[in-house]
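Heads up, the thing below is written out as structure tokens.
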Amino acid sequence: MRFFHVDCALTLKRIYVFFVLEVGSRYVHVLGTTTNPDGRWTTQQIRNLVVELGDRVDEFRFLIRDRAGQFAASFDPVLADVGIETIRIPPRCPRANGYAERFVLTARTELTDRMLMLNERHLRAALAEYVRHYNGQRPHRSRQLRPPRPTYPVADLNTQRFKRQRLLGGLINEYERAA
């Protein structure tokens, strides 16, 4: 669980993205974006995630988070109520949350460093499409080049005919076997 920020080109505001990463599958949940991540907003976002997970919430035992001031005292009890223990990483120790740090680097190099975000709505739209690609199409080395939850049957690489689909104006390309 972590925040990362994106600077908006048009409004000159810093927008914070709040996300959770399932370490085992590398599946990403973007919980929300805001220009003012306070404790109430962060607590509400984690409540929304617990509701979204539904019965799957029992699969998770721990949540690793940093010590940012955006996490209010009411944050940890929401997770404790569903049986998830919150672990805070040591101060100034980003390597302790390496999986989240890697997603931030990937999202920045593949998306936000290559596109000017005009406003929060534009960021949410681009991020939603990127996360759909990340979770359903993007190969992950730690998962034998398979996405977290494939949205297509895995292509046989011995075939020579592939179809390309451009995302985000050609910034990202997805390939699938041609019929």
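The values are calculated or read from the model by the stated rules, or taken from the named source; none is laboratory data. What you are looking at is a predicted structure, and each value in this text was computed from that prediction instead of being measured. Glycine also receives a Cβ, built like all others from the backbone with ideal geometry; neighbour counts cover every protein chain displayed.
Just to be sure before I move on: is A72 among the small types (G, A, S) and within 25 Å of A126 (Cβ to Cβ) in the structure I sent? No; evaluated as a whole, the condition is false for this residue. Within the stretch 156-168, residues that are within 30 Å of T112 (Cβ to Cβ) and of a type in the set (D, E, K, R) sit with their Cβ atoms under 9 Å from residues that are in a loop (DSSP other than H, G, I, E, B) and at pLDDT below 85, at 6+ positions apart or across chains, in these pairs: K163/A178; K163/A179. Considering only residues of the stretch 92-115 that are of a type in the set (A, V, I, L, M) and in a helix (DSSP H, G or I), which is modelled with the lowest pLDDT? Only one residue tops the list, namely A96. Scanning the stretch 131-156 for residues that are of a type in the set (S, T, Y) and out of contact with any strand residue (DSSP E or B) (no Cβ under 7 Å at 6 or more places or on another chain), we see that the one that is nearest to T106 (Cα to Cα) is S142. Scanning the stretch 6-57 for residues that are in contact with a helix residue (DSSP H, G or I) (Cβ under 7 Å, 6 or more places away or on another chain) and charged (D, E, K, R) turns up R26, R47.
Kindly indicate whether T86 is out of contact with any Cys (no Cβ under 7 Å at 6 or more places or on another chain), surrounded by 15 or more Cβ atoms within 10 Å (Cβ to Cβ), without any contact (Cβ under 8 Å) to a residue 60 or more places away in the chain and not in a helix (DSSP H, G or I). The answer is yes for T86.
Residue by residue, here is whether (1) surrounded by 15 or more Cβ atoms within 10 Å (Cβ to Cβ); (2) aliphatic (A, V, I, L, M); (3) modelled with pLDDT under 90 holds:
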position	(1), (2), (3)
M117	yes, yes, no
H122	yes, no, no
Y130	yes, no, no
S142	no, no, yes
L145	no, yes, yes
V154	no, yes, yes
K163	no, no, yes
N173	no, no, yes
